[in-house]
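Beneath this line is the structure, given in structure tokens, with notes to follow.
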Amino acid sequence: MVLGPNHFLLLALVLFGIGVTGVLVRRNALVILMSVELMLNAVNLLLVAFSHYNGNLAGQAFTFFTMTVAAAEVAVGLAIIVMLYRHRLDTSIEHIRLFRH
Amino acid sequence: MSDASSLNLLSLLPEMLVALAGLLVILANAVGRDSADGAHRWISLLGVLSALWFTLNPLATGAAMSGTAVHDGLAMAGNTVILAVLLLLLLGGESYLKSRRIPLAEYHSLSLFAATGMMSLVSAGDLVTVFMGIEVLSISLYCMAALLNEEEGGREAALKYFLTGSFASGFLLFGMALVFGFTGTTNLDAIAHSLTSLDTDNWMLIGGALLMLIGFLFKVSVAPFHNWAPDVYDGSPAIVTAFMSTAAKAAAFTGLARVFVPALGEAADAWIPMLALCAALTMILGNFSALVQDSFKRMLAYSGVAHAGYLLLGILAASSDSAHMASVLFYLLPYALINGVLFLVGAAISRQRSGKNLLDDFKGLAADSPLLAILITVCLLALAGIPPTAGFVGKFYLFMGAVDAGHVGLACLGILTSVVSVYFYLRVIVYAWFHKAPAGSAPWTPLDGGLVLVTGLSALLLLVLGVWPNLWLSITATI
């Protein structure tokens, strides 16, 4: 079997789906953050794959930007989670009514 | 116009000046410690004013950095709105920053970095620039939302904003990757060009466009992706809310227009139905939710959601005729000024009464400060879209554009929901003029002069633009 762009697309979709499910289902802020990272990394995989099959380096360059942004996002996200943990000794988002009206 | 392959750095001067000012604020803080408190404000003011000058009198225009940024009329109008909001907050926000003990160096540098991101987004010529602009502005705003971290509401707002924002970025990025996979390029012009020869009825392109749209709609708080907005706007410091509900929304709308109207215009059949549905839902949900709020801040937050719906009508109109982009940009300026002023003034008034940003805090305002009551009345009437204010002219152009583009039903819905919105804006005005202050409330102390000044200037500008809309329309219409 020869690997084609569709295989990578399928894998990226599955990874992205796992990430989305994690964000929607899990109640721990740290796990949600990890799930978001999984979503971003699924996209990185897709970008590199498309870059290879399109014969175009733009996608690989894009990946470097995504990784930098993901690192910055983790830094800020962890700081926010630590700030909450200090006051509550808990990283669960149960007490935060995310969808209140 | 300059050659697309050249650097053309001079056209990026406004962005660079704002970023430089942000770095200088950090430097001043490191060198001067506590004695630098006044310097932060002056450095920011200098950076913003010089950036505004070079935005309105550009040394160079056109594509820059090999086409990854484009300084055209759209960028000019968007930058003007963003910088005007920054200026408004710098002049009018000093007393708020002092009274809430917000760390000045952090606030000023973060707001300048967020503005750099917004300005990059507004002048983006490439999907990478769009993504970086959105992320720079979002990450700065996550930090700014957490500036009041001694309060439970502030901490929750920061977490909620961060989680929903980064979730939305994931969708945006996935959509960008699919569009890149289909067209083989990330440059917006090249995408538009390649779509003219490719079959646009492809699931990868449609999926990519819709995922990107979801990401953008999250950022501009359009229903059904708006749930985070009222809580985050309510929990964040008022000055940060004033910033993110105006400048960030203006930047995201301009970015949305840049990506969807020219670049993905060929695939319009894929995303227009979803955009139209979201616009209808947003106008209904935003206005009817605002009706039942007791908190001034939450009422304004839902009114902001509703206004995102009106602005989407402008984007819909622009997708059939790009001349209608001018009406979106026209409305962004009065919208941004009104909300920037109202969040700040509302916080200052509330501090003298209950301190909880309640609508009741406005009772008896006219007896205590007639001038302020008049200015707020003008702002609220403009938000409701009543002539002769710029709010009326702006809404008129948006709804006319929707009719021109064939969305007559949506335009009617917009007008009907605007009528509903008059109720909750008028409620504040009635409280201010016809109700007595609650017994036992503390004697009135005049507000900070800078805040009254920017409120007065904004109200004046609303009236001037309401009578002579061409002053601003001539700038936005050059696109």
### Message
Between A:L13 and A:T68, how high is the FRET efficiency from 1/(1 + (r/R0)^6) when r is the Cβ-Cβ distance and R₀ = 25 Å? Nearest 0.05.
### Response
0.55
### Task
Have a look at the protein assembly as shown and give its Rg and Dmax from the Cα atoms, expressed in angstrom.
22.9, 82
### Proximal charge balance of B:A238 [Cβ under 14 Å; K/R count +1, D/E count -1]
+2
## Note on the structure
Label model pair B:D294, B:V464: point-to-point distance (7 angstrom along the Cα→beta-carbon line) in nm is 4.1
### Task
Return the average number of partner chain Cβ atoms within 10 angstrom of each residue Cβ along peptide B:150-163.
5
### Query
Under a point spin-label approximation (7 Å from Cα along Cα-to-Cβ), what is the B:T445-A:V2 distance to one decimal in nm?
7.8
## Note on the structure
Computed from every Cα-Cα pair in region B:258-306, P(r) in 5 Å bins starting at 0 and rounded to whole percents is 5, 21, 18, 14, 12, 12, 10, 6, 1
## Note on the structure
On the accessible surface of the protein assembly as shown, probed at 1.4 Å with all protein chains in place, carbon and sulfur together account for a percent value of 68
### Query
How far, in degrees from 0 to 90, does helix B:152-183 lean away from the longest principal axis of the Cα atoms of chain B, to the nearest 10?
10
## Note on the structure
Counting only protein heavy atoms and rolling a 1.4 Å probe, one gets per residue an accessible area for chain B in Å² of 33
#### Entry: When the convex hull of its Cα atoms is projected in every direction, mean area for region B:9-476 (nm²)
20.3
### Message
Can you give the FRET efficiency to the nearest 0.05 for B:L7 and A:A79, using r as the Cβ-Cβ distance and R₀ = 35 Å?
### Response
0.50
### Task
Could you run the Karplus curve 6.51 cos²θ - 1.76 cosθ + 1.60 with θ = phi - 60° over region B:394-409 and give me ³J(HN,Hα) per residue in whole Hz, x for Gly and Pro?
x, 5, 4, 5, 4, 5, 4, x, 5, 5, 4, 7, x, 9, 5, x
### Task
Largest first and to the nearest Å, give the Cα extent of region B:70-189 along each principal axis.
52, 32, 16
### Query
Karplus couplings for region B:231-239 from phi (6.51 cos²θ - 1.76 cosθ + 1.60, θ = phi - 60°), rounded to Hz, Gly and Pro as x?
5, 5, 5, 6, x, 6, x, 4, 5
### Query
At what distance in nm do the modelled label points of A:H87 and B:W42 sit from each other, each positioned 7 Å from its Cα along Cα→Cβ?
3.6
### Summary
The lysines whose Cα lies under 28 Å from the Cα of B:K98, excluding any fewer than 8 residues away in the same chain, are B:K160, B:K249, B:K297, B:K356, B:K363
### Summary
The percentage of Cα-Cα pairs in region A:36-80 separated by more than 17 Å is 34
### Summary
Lys and Arg at +1, Asp and Glu at -1: neighbours of B:A168 with Cβ under 13 Å from its Cβ sum to 0
### Degrees, to the nearest 10: A:58-88 long Cα axis against longest axis of chain A
10
### Query
What is the Cα coordinate range of region B:386-479 on the first, second and third principal axes, sorted by size from largest, in whole angstrom?
56, 30, 17
### Task
Please grab the % of Cα pairs in region A:5-88 that end up more than 16 Å from each other.
58
### Task
DSSP loop (so not H, G, I, E, B), at most 10 other Cβ within 10 Å: list which trypsin sites (Lys or Arg not before Pro) in region B:378-472 pass both filters.
B:K436
### Task
Could you tell me how many degrees, from 0 to 90 and to the nearest 10, lie between the Cα long axis of helix B:449-467 and the main elongation axis, the longest principal axis, of the Cα atoms of chain B?
50
### Task
Name the residues whose placed amide hydrogens come within less than 5 Å of the amide hydrogen of B:H71, ignoring near sequence neighbours (fewer than 5 apart) on the same chain.
B:G62, B:A63, B:A64
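The values are calculated or read from the model by the stated rules, or taken from the named source; none is laboratory data. Keep in mind it's a predicted model, so treat the numbers as computed, not measured. Reconstructed Cβ throughout: ideal geometry from the backbone, glycine too, with neighbour counts over all protein chains shown. For the accessible areas, the whole protein counts, side chains as well, though only heavy atoms, and no ligand, DNA or RNA atoms are used. Shrake-Rupley method; radii C 1.70, N 1.55, O 1.52, S 1.80 Å.
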